[in-house]
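The values are calculated or read from the model by the stated rules, or taken from the named source; none is laboratory data. These numbers were taken from a predicted model, which means no experiment stands behind them. Here the Cβ is made from the backbone with ideal geometry for all residues, glycine too, and neighbour counts use every protein chain on show. Please note that ligands, DNA and RNA were not included when accessible areas were found on the heavy atoms of the full protein model with its side chains. Shrake-Rupley method; radii C 1.70, N 1.55, O 1.52, S 1.80 Å.
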Amino acid sequence: MNLLYFLFASLFTCIVAAVNLEGKIIPNVVITDLSNLDYTTARVALNGAQHVTRIKSDGQFTFHNVQPGSYLLEVQSVKYVFPKIRVDIKEDEKVWAAYTALGRDWNQFGNMIGYPFEIQAKTEADYFIQRQGFDLTSMLGNKMFLMMGVSGLMLMFMPKMMKQMQEMNEEMINEEGGQPSKLSETFIKAQNRRN
């Protein structure tokens, strides 16, 4: 019998410690009229999909019986992007919330927001990247294009450099008294084969 009382007492404390989270989507420059929000696909989620609720036509939403702890609140919509909110529910049923973002450490807190939440859309969702036109400066800045340009310049100037080197080699042979060195001989032979 004592065990039964203990179970009811623990169940009662779990129910008492649970909080109803409430909030509202409010209009702003992005959503001037809440009827633009698609209520069939828009929803509010805690920790991905641990708790999910729908948004009413007046923009209000409620999570029932949320236990104390830390949660990530997200408004998921196909048309609009909303800020992410870190929600901490304390044992004394106080709700504390701050803006957060993906990639931010969970121990870093953004701007605090009041409770019940009033959430505004940040921007309209854009899923397509606009096609870029022809841009000569980006093409010239491309590493592959630069490598091709340097190779082309070498092809143009290398024969001239080789001719100058051959003339310098012949001058050195003449200065040494007509006796070419081993290196000079191999260089001359390579030039003759090429011609």
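Observations on the model:
- Here each label is just a point 7 Å from Cα along the line to Cβ, and for Leu153 and Ser138 those points are 2.5 nm apart.
- Net charge of neighbours whose Cβ lies under 12 Å from the Cβ of Ala18, counting Lys and Arg as +1 and Asp and Glu as -1: -2
- Projected onto its three principal axes, the C-alpha set of the stretch 1-124 covers 60, 32, 22 Å, listed from the longest axis down.
- Simple spin-label estimate for Ala49 and Lys24 in nanometres, 7 Å along Cα-Cβ: 3.0 nm
- Between Asp58 and Gln76, the modelled label-to-label distance comes to 2.6 nm, taking each label 7 Å out from Cα in the direction of the beta carbon.
- Candidate residues Tyr127, Tyr80, Tyr115: accessible-area rank, largest first, probe 1.4 Å: Tyr127, Tyr115, Tyr80
- Surface accessible to a 1.4 Å probe, Asp38 within the full protein complex, Å²: 50 Å²
- A Förster radius of 30 Å combined with the Cβ-Cβ distance from Glu171 to Asn192 puts the calculated FRET efficiency at roughly 0.95.
- Cα point-scatterer Debye curve for the stretch 111-182, base-10 log of I(q)/I(0) at q = 0.20 Å⁻¹: -0.97
- Phe157 contributes about 100 Å² of solvent-accessible surface, heavy atoms of the protein only, 1.4 Å probe.
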